[in-house]
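Visitor: Pasting a structure below so you can have a look.
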Amino acid sequence: MVAYLISDEGNISVVLKGKQYFVNSTDDVHAKVMDALREEKTEDEIFDVLDRVTAVQNYIEDSDVKVIDGIVTYQGEEVHNTLTERILKFMRNELPVQPLINFLKKLMENPSYSARQELFDFLSHKSLPVTEDGDFLAYKAVSNGYKDKWRGVLDNSVGNTVTMKRFGVDDDRNHGCSAELHAGTLEYVQSYGCFREDEDGNHDPNSDKCIIVKINPTNVVSVPLDCECQKLRTCEYTVLKDYEGEMEYHLYMDD
């Protein structure tokens with residue numbers, strides 16, 4: 001018989017193999033633990049549900065990536081726990097984990113330690129999707145002629161790759177508007193761009209456009225604090241397509 005307590009808030013405290021585990025009611029694994037307890041599963045069966053480290057490590061087959069005591073490491077260097085949570089989310093949704101491994105490898109090639117840490121703040125904010133090759137997608141507001149809103153000279157037409165020298169991008173996250181190529185969450189872009197509708201409720205062709213851009217984690221320079229980590233600065237992005245609706249998935253395949 002497994003010993004456990006459930007608080008008024010629904011939090012679970014359970015003792016397994018001589019060790020106490022705490023499962024918050026908002027935890028993604030909470031429902032599975034509750035089901036296991038109701039069904040009077042064995043200690044080993046409940047432990048398998050809770051043992052995230054083992055589950056993740058068994059799922060990852062990569063010599064550079066390890067999960068030690070709940071922490072994801074790359075070549076021995078600890079990375080943010082946000083990645084652990086996203087790996088678990090991919091597993092629960094039966095999505096392939098390799099894109100996240102590709103993302104991590106590209107991220108660790110980023111020469112800036114602070115940029116590597118800050119990028120997790122940005123991605124965790126709205127769970128923006130990754131792509132098969134380990135890049136990620138974000139939104140960007142541009143003029144109706146696909147020019148940047150800062151100077152109006154950069155061509156953001158679909159298919160173009162926009163770049164600037166990395167040393168020209170502000171790496172201080174305490175600075176708000178500064179020298180940069182930037183992209184962000186949909187909420188940020190909606191506040192930054194000027195989007196209007198005509199009398200029939202259709203998009204006004206003279207207003208700004210929203211585009212979807214693809215960014216290599218290696219090229220991220222900083223994530224400013226002034227927008228609640230909802231935008232980032234980068235030295236390169238590729239314009240994939242016009243906005244057709246909010247991106248709802250955690251993973252986007254090439255097709």
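Visitor: Tell me the strands (runs of 3 or more DSSP E) entirely within region 145-255 that contain at least 1 residues that are within 16 Å of Pro129 (Cβ to Cβ) and within 18 Å of the chain's Cα centre (by Cα).
Guide: Result: 181-184, 209-215, 220-222, 231-234, 236-242.
Visitor: Taking region 48-63 as the region of interest, how many residues are modelled with pLDDT of 70 or more, open to solvent by 80 Å² or more (accessible area, probe 1.4 Å) and in a helix (DSSP H, G or I)?
Guide: Total satisfying the criteria: 1.
Visitor: So, Glu118, is that one surrounded by 18 or more Cβ atoms within 10 Å (Cβ to Cβ), among the acidic types (Asp, Glu), over 25 Å from Lys209 (Cα atoms) and in contact (Cβ under 8 Å) with a residue 24 or more places away in the chain or not?
Guide: yes
Visitor: Sticking with this structure for a sec: Please enumerate the residues belonging to region 3-47 that are surrounded by 13 or more Cβ atoms within 10 Å (Cβ to Cβ), hydrophobic (A, V, I, L, M, F, W, C) and either part of a strand (DSSP E or B) or more than 33 Å from the chain's Cα centre (by Cα) (or both).
Guide: Passing the criteria: Ile6, Ile12, Val14, Val15, Leu16, Val23.
Visitor: Name, by its number, the condition in (1) under 18 Å from Asn160 (Cα atoms); (2) touching a Gly at 6+ places or on another chain (Cβ under 9 Å) that does not hold for Lys231.
Guide: (1)
Visitor: Can you tell me which of Leu186, Leu240, Leu225, Leu181 is without any contact (Cβ under 8 Å) to a residue 60 or more places away in the chain and either closer than 21 Å to Asn144 by Cβ or touching a Cys at 6+ places or on another chain (Cβ under 7 Å) (or both)? Please lay out each step first, then the result.
Guide: On the way: Leu186 fails: without any contact (Cβ under 8 Å) to a residue 60 or more places away in the chain; Leu240 fails: without any contact (Cβ under 8 Å) to a residue 60 or more places away in the chain; Leu225 fails: either closer than 21 Å to Asn144 by Cβ or touching a Cys at 6+ places or on another chain (Cβ under 7 Å) (or both).
One residue alone meets the criteria, Leu181.
Visitor: A further question follows. Select from region 93-104 the residues that are out of contact with any helix residue (DSSP H, G or I) (no Cβ under 9 Å at 6 or more places or on another chain) and assigned to a helix (DSSP H, G or I) and list them in ascending order.
Guide: Gln98, Asn102
The values are calculated or read from the model by the stated rules, or taken from the named source; none is laboratory data. Computed from a predicted model, the values in this text were never measured in an experiment. No Cβ is skipped: glycine too gets one built from the backbone with ideal geometry, and neighbour counts run over all protein chains shown. For accessibility, only protein heavy atoms count, side chains too; no ligands or nucleic acids. Shrake-Rupley method; radii C 1.70, N 1.55, O 1.52, S 1.80 Å.
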